[in-house]
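Trainee: Following this message is one structure expressed as structure tokens.
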Amino acid sequence: MTVAGEDTARRELLRYVERFALVLREAGMAPMPARVLAYALADDADRYTAADLAEGLQVSPAAISGAVRQLVQWGLLAREREPGTRSDLYVLDDQDLWSRFIGAELSTLDRFIETVAAGIDVVGLDRPGGRRLAETRNFLAFLREQLADAVRRWPAERDRRATDR
């Protein structure tokens, strides 16, 4: 590919990253983690230094540090270090990335369900608030069951979809 072609492809990649990051932001992710995740998913590399990410996204390295810390906490990136280097590497382990992420979110749903159930005990089912809380608890429990089932079924479904290409 020519230099001009590489520049065009790079601009297109960054436009896409910003579009994807906007969707992630609208779903509640902070702006810089959204940009870093979108970039790591769409770019060809599977490991980056903070400087690589900063250069790729055309931002300062300082803007990257908090974003990668958050993504590592969520399990969307892993931190590694190569022997003899001083820089951390941030690795996108895309094998089952989303099922691992959703699997971790199941405990968050458990906390929501427990908290809502405690509210039902406080308010009581005989009041409108208690009935709304019961509906919320039931929906969240259903959602948790469905997500847990989807995570369990995903490996076979991933393989099936890979053969359907």
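Trainee: Please work out if residue 131 is surrounded by 12 or more Cβ atoms within 10 Å (Cβ to Cβ), over 24 Å from residue 73 (Cα atoms) and among the charged types (D, E, K, R).
Mentor: yes
Trainee: When you scan region 94-107, do you find a residue that is within 30 Å of residue 72 (Cβ to Cβ), at pLDDT 90 or above and not aromatic (Phe, Trp, Tyr), even just one?
Mentor: Residues of region 94-107 within 30 Å of residue 72 (Cβ to Cβ): 94-107.
Next cut, at pLDDT 90 or above only: 106.
Next, only the ones that are not aromatic (Phe, Trp, Tyr) stay: 106.
Within region 94-107 (the criterion being within 30 Å of residue 72 (Cβ to Cβ), at pLDDT 90 or above and not aromatic (Phe, Trp, Tyr)), the answer is yes, since at least one residue qualifies.
Trainee: For region 47-63, state whether one or more residues are loosely packed, with under 13 Cβ neighbours inside 10 Å and touching a Phe, Trp or Tyr at 6+ places or on another chain (Cβ under 9 Å).
Mentor: No, region 47-63 has no match at all.
Here is a yes/no grid of residues against (1) over 20 Å from the mean Cα position of the chain (by Cα); (2) among the β-branched types (Val, Ile, Thr):
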{"position": "112", "(1), (2)": "no, no"}
{"position": "116", "(1), (2)": "yes, yes"}
{"position": "122", "(1), (2)": "yes, yes"}
{"position": "141", "(1), (2)": "yes, no"}
{"position": "151", "(1), (2)": "no, yes"}
{"position": "158", "(1), (2)": "no, no"}
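Trainee: If you don't mind, there's one more thing I want to ask. Can you confirm whether region 119-127 contains a residue that is in contact (Cβ under 8 Å) with a residue 40 or more places away in the chain and either loosely packed, with under 12 Cβ neighbours inside 10 Å or out of contact with any strand residue (DSSP E or B) (no Cβ under 6 Å at 6 or more places or on another chain) (or both)?
Mentor: Among the residues of region 119-127, not one is in contact (Cβ under 8 Å) with a residue 40 or more places away in the chain and either loosely packed, with under 12 Cβ neighbours inside 10 Å or out of contact with any strand residue (DSSP E or B) (no Cβ under 6 Å at 6 or more places or on another chain) (or both), which makes the answer no.
Trainee: Can you name the residue in region 67-122 that is part of a loop (DSSP other than H, G, I, E, B) and acidic (Asp, Glu) and, of all such residues, is farthest from residue 135 (Cα to Cα)? Steps first, answer last, please.
Mentor: Taking region 67-122 as the starting set, the residues that turn out to be part of a loop (DSSP other than H, G, I, E, B) are 74-77, 81-88, 92-96.
Imposing the further condition that a residue be acidic (Asp, Glu) reduces the set to 82, 88, 93-94, 96.
Numbers: 82: 50, 88: 46, 93: 37, 94: 36, 96: 32 Å.
My answer is 82.
Trainee: From the list 47, 25, pick out the single residue that is among the basic types (Lys, Arg) and touching a Leu at 6+ places or on another chain (Cβ under 7 Å).
Mentor: Going through 47, 25 in turn, just one is among the basic types (Lys, Arg) and touching a Leu at 6+ places or on another chain (Cβ under 7 Å): 47.
Trainee: If you don't mind, there's one more thing I want to ask. Only one residue in 23, 36, 17 is of a type in the set (A, V, I, L, M, F, W, C), assigned by TED's automatic domain parsing to the domain that holds residue 69, out of contact with any helix residue (DSSP H, G or I) (no Cβ under 7 Å at 6 or more places or on another chain) and assigned to a helix (DSSP H, G or I), so which one is that?
Mentor: That would be 23, the only listed residue that is of a type in the set (A, V, I, L, M, F, W, C), assigned by TED's automatic domain parsing to the domain that holds residue 69, out of contact with any helix residue (DSSP H, G or I) (no Cβ under 7 Å at 6 or more places or on another chain) and assigned to a helix (DSSP H, G or I).
Trainee: Continuing with the same structure: Considering only region 60-88, state which residues are over 18 Å from the mean Cα position of the chain (by Cα) and of a type in the set (A, V, I, L, M). Break it down into steps so the answer makes sense when it comes.
Mentor: Residues of region 60-88 that are over 18 Å from the mean Cα position of the chain (by Cα), as a first pass: 60-63, 80-88.
Within region 60-88, 62, 63 qualify.
Trainee: Another question, then. Which ones in region 5-22 are among the β-branched types (Val, Ile, Thr) and at pLDDT 95 or above?
Mentor: Of everything in region 5-22, just one residue is among the β-branched types (Val, Ile, Thr) and at pLDDT 95 or above, namely 17.
Trainee: Among 133, 106, which is more than 18 Å from residue 34 (Cβ to Cβ) and in contact with a Gly (Cβ under 6 Å, 6 or more places away or on another chain)?
Mentor: Numbers: 106 fails: in contact with a Gly (Cβ under 6 Å, 6 or more places away or on another chain).
Just one listed residue meets the conditions, 133.
Trainee: Here is a check on your reading of the model: is residue 105 exposed (fewer than 11 other Cβ atoms within 10 Å of the Cβ) and of a type in the set (Asp, Glu)?
Mentor: no
The values are calculated or read from the model by the stated rules, or taken from the named source; none is laboratory data. What you see is a predicted model; the values in this text were computed from it and never measured. Don't worry about glycine lacking a Cβ; one is built from the backbone with ideal geometry, like all the others, and counts go over all protein chains shown.
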